[in-house]
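K.L.:
My questions all concern the structure below.
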Amino acid sequence: MNPLAPYEPSARDPFDLRKCGHLLRRAGFGASLPERQRLVREGLAAALQHVAPPLAEVPAADALLNEAIAFGSIERVRAFRVWLALQNTHPLRERLSYFWHGHFATSNSKVQDPRAMALMMATFDRLGTGRFDELLTAMLRDPALLRWLDNDVNTSKQPNENLAREVFELFALGRGNYSERDIKEAARALTGWHVRDGQFFRAGYLHDDGDKEVLGVRGKLDGDDVAAIAAARPESARFLAERWLRFFVHPQPERDEIDALAGAYEQHGRDVGATLRVLLGSRLFFSARAYRSKIKSPADFVIGSVRLIGGRAQPTALVAAMATLGETWLEPPSVEGWHGELAWLSPAAWLLRSNFVADLLAGRRGKLAPRAAELLRGYTRPDHLARAASLFCCDGDLSADASERLLEVARAAQGDRAATVLHAATCLPEYQLL
Amino acid sequence: MNVDRRTFLRGAACAPLALSLGRGGAWLPGGDERCLLVLELVGGNDGLNTVIPVDDADYARLRPKLGAVRRGARALGDGTSLHPSLARLHGHIAAGRGAVVHGVGYAPPDRSHFRSRDIWHVGDPAHQQVGATTTGWLGRAAEQLVAAAGGAGNGLPAAAIGGLEVPLLLHSRRVPVPSLVRVEDFQWLSPGARGPIAADAPSRHVVGAGGAGELLAAVRAAQTAGVELADGLTAALQRYTPKADYPDDDLGRHLQLIARLLVAGVGTRLLHTSFGGFDTHARQLPTHAGLLRQLDAGLGALLDDLAGHGCLDRVGVLVHSEFGRRAAENASQGSDHGAAGPVFVFGGGVQGGTFGQKPDLSRLVDGDVPPTCDFRRVYAELLGRLGVPVEPVLGEGFEPIGLW
Amino acid sequence: MVGRAWWRRGPSSTGTSANSCARVAGGGAALGLLADGARWRWTLALRPGEPAAAAAWLERRGGAVARRFEGPWLLVGSDAAALRSMPTAPADSEGSWWQPALVEAEGAVLRGAVDLAALRRLRGGDGALLAGLDGPGRFLLAPIAHALDHGKLLRLQLVAASSLRLQVQADASIRGAAYGSLLPAGDAGREVPRVAGDVLATLTLDRSLHRLLAQPATYLSPAGVTQVDSFLSIADGFDGPNSSIVDELFGRLAEPATLFVLAPQLPPAAERPPLLLPDFAACVPVADARVEAVVRRVLDLIGIVVNAERAQRRQAPLLLRRWRGEHGSGLAAELPEWRGPGAPPLEAVLSPVVAFGHGHLVVASTTRAAERVLAACAAPEREHVRGDLLRLSGAAIADALATSRDALVLARMLDEGEDQAGAARFFAIADAVLRSVQHLQVAVVPAARETTVTVEAVRQR
């Protein structure tokens, strides 16, 4: 059976708070309870439309880009990115920009240019939901990436293979789908693909304009050709399909799932947004296998918690919180991006997660509105408080044991009971899962 | 919440954990695991004016002005003497708690601060470009420690102290290493109070709760370990009373934080802190004397403090710099970037005194004291002391020196 | 005693409560607070309009408080001990603070006094403030910190006339202390250039940086001394091996140093960075013209170092060129023209310059700022300044903020978590407040025996 067959809600398998929460967490950065309840009422189609509306209908992500880079500070750019994720005007676009940042993992620690980093992220916002070959072509001309992978010293006299290797291994094809000779030839094609005055610059005199052969294609190839050739390979479809499945659905996708998604990608003209719409509406996406199968990254935890509580927190402070939890945007630990999953949850990191929520609820990370007490207003009985917190934080889906613990906390709580119970709910193991 | 209930919760949570963590109690207070502190002198410490070859006839010739420092220097017994500012550290060496290793470095020397620091941090002179996947030698050591503990531990096997950035030597691709300025960051917070410890923090109550499933079990294991870590640190804070007076400066504060972690035995076994200002191109004498005085006061206090708590035996301290300085002084009464230099190793059980070949100023290479001991042999020695296999961290062929 | 405030009756009003006020304290009242361990006591000195009526009024309020008459004054304490703590000796000895408070009330709407000695006893230890400051902190704030560390009494006086003036005076001065040798002899004041046109802020500091660097141990903590030594270890090499940067550069400059923050020139909209910095220019009198050659050599070297660093970051080099203005000349660094993507960066409008002219050294962020300050050095008009002076001009600052408004709004959204409308509202309010203040100035004058800080706000007319 096709794993990508559309999910059709039924009385036995309704589109409920669980499924709605799952969709909004995976295809965005979560949402408040009233918003989730509204989407459940409006149904699956409306929810899918909500996470991926036509781009023309939402504000451009780069309206404030010039102001964000004006300070020349990477911290400000980082805070701006967190602010965009908090706004989540186009959940899937924001989510995909996060995905592509991990995919083309480029770090300012080497690039040392906040402007270039901000512009790279803006490229993800602009092209991330479109065709992959266009995105890859743009990335091979991206000043930050060219610097990051040393292509600005790749010349016909002294070719540097760093970028060519990563194009094949990490960006487009994956290991085993190219030869060392392809890398050498692609590196030649990318010679002279340089940066000048902060912009892409094609240094003709440093470009090797001889014949090359990359992945079976011959000619006087250049960087644009490398992007087009790599993106057109059938292996590229499977490679990307696996990445998307790991990011959006499950950390260990099955072979038939990969094949199905790669097929959908080809069918939809290699358009990323269209392919992901199929994925997000599929039975696979809403399956029990996918639900709570991933660990929340610090960004999911921090940004998601603020969106969940409906908070108005300071993006600058959220950046700092994410950094202490091990995730610094625009500074991934390696070309491979963040390793994610269980690596996020060291014991110390979990402690810091708990403390982050404590700070948030106590108003130490910015002025929260509404405050916890208002969120749970009207609930006075401990069992009602516990149930409300479970709905707020955990889709109302907790094991009997966890519900019991939460109820005990609600019974014992004194002072700001709403904050105590909400904090406890965010400390449950279930809440650490995406 | 009363004690009985907490104990119950803890017990309930720990039962499945013992299996998954293996050495679940490794970070419990009073642990006897060996620890290492790397104290880095940034800027290129002038080795020849720190461990001074007073007997060498060429010393006075090469350093007509800077050589004044040998008056008042304290003999180490092999014809070298320690800078007059290092009185306390000299006492530790004399008492068999510290060693000097002469001529540590690598060849050919690199005179760039950045490049040479990278080489010391990565642990490989051949390493060309520091990139995103570059790991540091202590980071790799942390991976080994975690692997030996069955993939778990307290989650804080290593820490960088005093700065916001984690230095390259602690970079690891598998073990997240935080930088710590305050130990309070790892205490419980409750919504109500930012007290040092919130015994009734809700997070504590819910540990162990949850449904079935592998992933939830893994999360629970991390959470339970987090409870242990917080409790261990909390107990450590309560238990620790300084047994030495730390100077009221940044170095002193950082070293005292290190003492708190080490005395507690919370399982944080690899630590790094740095102390800068050693780039003495001009007017070196007062500057260098002031820096070494600060070093002596801070590190002297740490060693006394650890000894006072009876845990110096399980701690090793390495003091090194990215390079020494030229043998000949320059015309500005300073010295320029050089090559090899001495390193210090302190700790209980170290054979006190000097090791290796003392600098011979009649045989300079390119105006420098050439290295007589590869810096990775010192690393190998320290790794051996920690019980960490040397080869996966440094590669083959680095004989320990035999300091212990 | 920790805090005391004095209140003077306002224009008389009718009504029984106003009448009883006049009877009980028609000549004013002074409140004192005493800290005694964890307990607080209070005292009240009144100058009744009708002493007999005042006594009767107090009588009716019960015997819970202690009181006695002292000449025309009625002294009240929360208990007998509090009352005993109000000595009647003349004010210039240890004694009564409230008599002068009540007598010298002319013109002031509010007077108060703080018992610094008691406050220090509460906090434990003397000299803690100055000792706690780091190097730059001491250089800037030592006169105030010393006065708070050593003064017995801090007197406050608020006067509202054409301006609102708060004067705070402590009976101690740094002039007698070791640190005082950084200050010029006497407190007659100095002449500094007066810059014409829009000036956002002026800061004049009368200190000898040369003496500080020459004898850091006299003025700084051990850690500060090490910092100075470390700096000099590198800086002393800049002008070759046989010179002293301390004596031959800093020693050839005089005081006071003045920093001007000037309204920037607005570039055409397309070339305008979203965040437009004001111009900065610092100006120091030159004591010995030989300093010029040293500065040039040092700048050449710094230029090389900076360009090496820029090259490492693959940035285009700065071009160092001779600069000649109408009133002086020097070296200017030219940044490469901005041709990159997006709006120009912060530094696109900078043209850093070091120039000499008319007996002054000027370091400025733009050649235009240098020109304006050099012109002021050339002009005969001077401004007389006593001690340290900070002056801010509301409207000019508001104008400068307005040119960068969108960027500042975003910064506030990111740092404070406000939405766009909220952040914009914040700057609208700030704008209105700034424009209502013609200028605000803070003067710190350490005289022979006392230190005076005056904060004065002049409303826009």
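K.L.:
Condition first: of a type in the set (Phe, Trp, Tyr) and under 18 Å from the mean Cα position of the chain (by Cα). Now tell me which residues in region A:253-298 satisfy that.
P.N.:
A:Phe285, A:Tyr291 - these are the residues of region A:253-298 that are of a type in the set (Phe, Trp, Tyr) and under 18 Å from the mean Cα position of the chain (by Cα).
K.L.:
For region A:247-269, check the following and say yes or no: at least one residue is among the basic types (Lys, Arg) and surrounded by 16 or more Cβ atoms within 10 Å (Cβ to Cβ).
P.N.:
No, that holds for no residue.
K.L.:
Keeping to region A:312-349, report how many residues are at pLDDT 85 or above, facing another protein chain (nearest Cβ under 7 Å) and part of a helix (DSSP H, G or I).
P.N.:
Matching residues across region A:312-349 total 2.
K.L.:
In addition: For region B:297-356, name all the residues that are free of Cβ contacts under 8 Å to residues at least 24 places away in the same chain and within 14 Å of chain C (Cβ to nearest Cβ).
P.N.:
Within region B:297-356, B:Ala331 is the sole residue that qualifies.
K.L.:
B:Leu251 - would you say it is in contact with a strand residue (DSSP E or B) (Cβ under 9 Å, 6 or more places away or on another chain) and buried (at least 23 other Cβ atoms within 10 Å of the Cβ)?
P.N.:
yes
K.L.:
Here is a follow-up. Which of the residues spanning region B:368-390 are closer than 18 Å to B:Gly44 by Cβ and assigned to a helix (DSSP H, G or I)?
P.N.:
Once the filter is applied, which keeps residues that are closer than 18 Å to B:Gly44 by Cβ and assigned to a helix (DSSP H, G or I), region B:368-390 yields B:Phe375, B:Val378.
K.L.:
Consider region C:360-376. How many of its residues are under 16 Å from C:Arg194 (Cβ atoms) and either β-branched (Val, Ile, Thr) or in contact with a helix residue (DSSP H, G or I) (Cβ under 6 Å, 6 or more places away or on another chain) (or both)?
P.N.:
The total comes to 3.
K.L.:
Identify, by number, the condition in (1) modelled with pLDDT of 95 or more; (2) within 20 Å of A:Ala186 (Cα to Cα); (3) facing chain C (nearest Cβ under 10 Å) that A:Arg147 doesn't meet.
P.N.:
Here A:Arg147 clears every test but (1).
K.L.:
Is there a residue being in contact with a helix residue (DSSP H, G or I) (Cβ under 9 Å, 6 or more places away or on another chain), more than 30 Å from B:Pro176 (Cβ to Cβ) and not assigned by TED's automatic domain parsing to the domain that holds A:Phe171 anywhere in region A:340-358?
P.N.:
Within region A:340-358 (the criterion being in contact with a helix residue (DSSP H, G or I) (Cβ under 9 Å, 6 or more places away or on another chain), more than 30 Å from B:Pro176 (Cβ to Cβ) and not assigned by TED's automatic domain parsing to the domain that holds A:Phe171), the answer is no, since none of the residues qualifies.
K.L.:
Please state which one of B:Gly213, B:Gly232 is within 14 Å of chain A (Cβ to nearest Cβ) and over 15 Å from B:Leu156 (Cβ atoms).
P.N.:
Just one listed residue meets the conditions, B:Gly213.
Condition check ((1) touching a strand residue (DSSP E or B) at 6+ places or on another chain (Cβ under 8 Å); (2) β-branched (Val, Ile, Thr); (3) more than 8 Å from chain B (Cβ to nearest Cβ); (4) assigned to a loop (DSSP other than H, G, I, E, B)) across all residues:
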| site | (1), (2), (3), (4) |
| --- | --- |
| A:Leu351 | no, no, no, no |
| A:Gly378 | no, no, yes, yes |
| A:Leu385 | no, no, yes, no |
| A:Ser390 | no, no, yes, no |
| A:Asp401 | no, no, no, no |
| A:Arg405 | no, no, no, no |
| A:Arg411 | no, no, yes, no |
| A:Gly415 | no, no, no, yes |
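K.L.:
Might you check whether a residue that is within 14 Å of chain A (Cβ to nearest Cβ), outside any helix (DSSP H, G or I) and among the small types (Gly, Ala, Ser) occurs anywhere in region C:300-317?
P.N.:
The answer is yes; a qualifying residue exists.
K.L.:
Residues being farther than 27 Å from C:Ala289 by Cα and basic (Lys, Arg): count how many of those fall in region C:345-404.
P.N.:
Going through region C:345-404 one residue at a time, the tally reaches 1.
K.L.:
Go over the candidates B:His205, B:His254 one by one and state the one that is within 27 Å of C:Phe231 (Cβ to Cβ) and either at pLDDT below 85 or not acidic (Asp, Glu) (or both).
P.N.:
Exactly one of B:His205, B:His254 is within 27 Å of C:Phe231 (Cβ to Cβ) and either at pLDDT below 85 or not acidic (Asp, Glu) (or both), namely B:His254.
K.L.:
Now for a separate question. Identify, by number, the condition in (1) crowded, with 24+ Cβ neighbours inside 10 Å; (2) at pLDDT below 95; (3) not β-branched (Val, Ile, Thr) that B:Gln351 doesn't meet.
P.N.:
B:Gln351 satisfies every listed condition except (1).
K.L.:
Something else: Output the number of residues of region B:213-263 satisfying the condition of being small (Gly, Ala, Ser), within 21 Å of the chain's Cα centre (by Cα) and outside any helix (DSSP H, G or I).
P.N.:
Summing the residues that are small (Gly, Ala, Ser), within 21 Å of the chain's Cα centre (by Cα) and outside any helix (DSSP H, G or I) in region B:213-263 gives 1.
K.L.:
Still on this structure: For the structure I just gave you, tell me whether A:Ala419 is crowded, with 21+ Cβ neighbours inside 10 Å, farther than 22 Å from A:Val40 by Cα and in contact with a helix residue (DSSP H, G or I) (Cβ under 7 Å, 6 or more places away or on another chain).
P.N.:
Taking the combined requirement at face value, the residue satisfies it.
K.L.:
Let me ask something additional. Right, B:Leu37: among the hydrophobic types (A, V, I, L, M, F, W, C), touching a Leu at 6+ places or on another chain (Cβ under 6 Å) and within 30 Å of B:Val388 (Cβ to Cβ) or not?
P.N.:
So B:Leu37 fits the description; yes.
K.L.:
A further question on this structure: Only one of these conditions is not met by A:Leu140: (1) farther than 13 Å from A:Val167 by Cα; (2) surrounded by 20 or more Cβ atoms within 10 Å (Cβ to Cβ); (3) away from chain C (no Cβ under 12 Å). Which number is it?
P.N.:
It is condition (1) that A:Leu140 fails.
K.L.:
Continuing with the same structure: Identify the residue in region B:342-386 that is of a type in the set (Gly, Ala, Ser) and under 16 Å from the mean Cα position of the chain (by Cα) and, among all such residues, is nearest to B:Leu89 (Cα to Cα).
P.N.:
B:Gly347
K.L.:
When you check A:Ala60 against the structure, is it surrounded by fewer than 17 Cβ atoms within 10 Å (Cβ to Cβ), closer than 14 Å to A:Leu92 by Cα and away from chain C (no Cβ under 14 Å), yes or no?
P.N.:
When the stated conditions are applied, A:Ala60 passes them.
K.L.:
Name the single residue that is nearest to B:Gly276 (Cα to Cα) among those in region B:42-52 being at pLDDT 95 or above and in contact with a His (Cβ under 9 Å, 6 or more places away or on another chain).
P.N.:
Taking the candidates together, the pick is B:Asn45.
K.L.:
Only helices (runs of 4 or more DSSP H) wholly contained in region C:344-461 count here; list those with 1 or more residues that are in contact with a Leu (Cβ under 6 Å, 6 or more places away or on another chain), away from chain A (no Cβ under 14 Å) and in contact (Cβ under 8 Å) with a residue 24 or more places away in the chain.
P.N.:
C:367-378, C:394-403
K.L.:
Give the residues of region A:160-217 that are assigned to a strand (DSSP E or B), touching a residue at least 40 places away in the same chain (Cβ under 8 Å) and surrounded by 19 or more Cβ atoms within 10 Å (Cβ to Cβ), sorted by residue number.
P.N.:
Answer for region A:160-217, where residues must be assigned to a strand (DSSP E or B), touching a residue at least 40 places away in the same chain (Cβ under 8 Å) and surrounded by 19 or more Cβ atoms within 10 Å (Cβ to Cβ): A:Trp193, A:His194, A:Val195.
K.L.:
Identify, from the list C:Ser173, C:Ser233, C:Ser208, the residue that is crowded, with 21+ Cβ neighbours inside 10 Å, under 25 Å from C:Arg449 (Cα atoms) and of a type in the set (Gly, Ala, Ser).
P.N.:
Of C:Ser173, C:Ser233, C:Ser208, the one residue that is crowded, with 21+ Cβ neighbours inside 10 Å, under 25 Å from C:Arg449 (Cα atoms) and of a type in the set (Gly, Ala, Ser) is C:Ser173.
The values are calculated or read from the model by the stated rules, or taken from the named source; none is laboratory data. Being a predicted model, the structure only gives us computed values, none of them experimental. Using ideal geometry, Cβ is built from the backbone for each residue, glycine included, and neighbour counts are taken over all protein chains shown.
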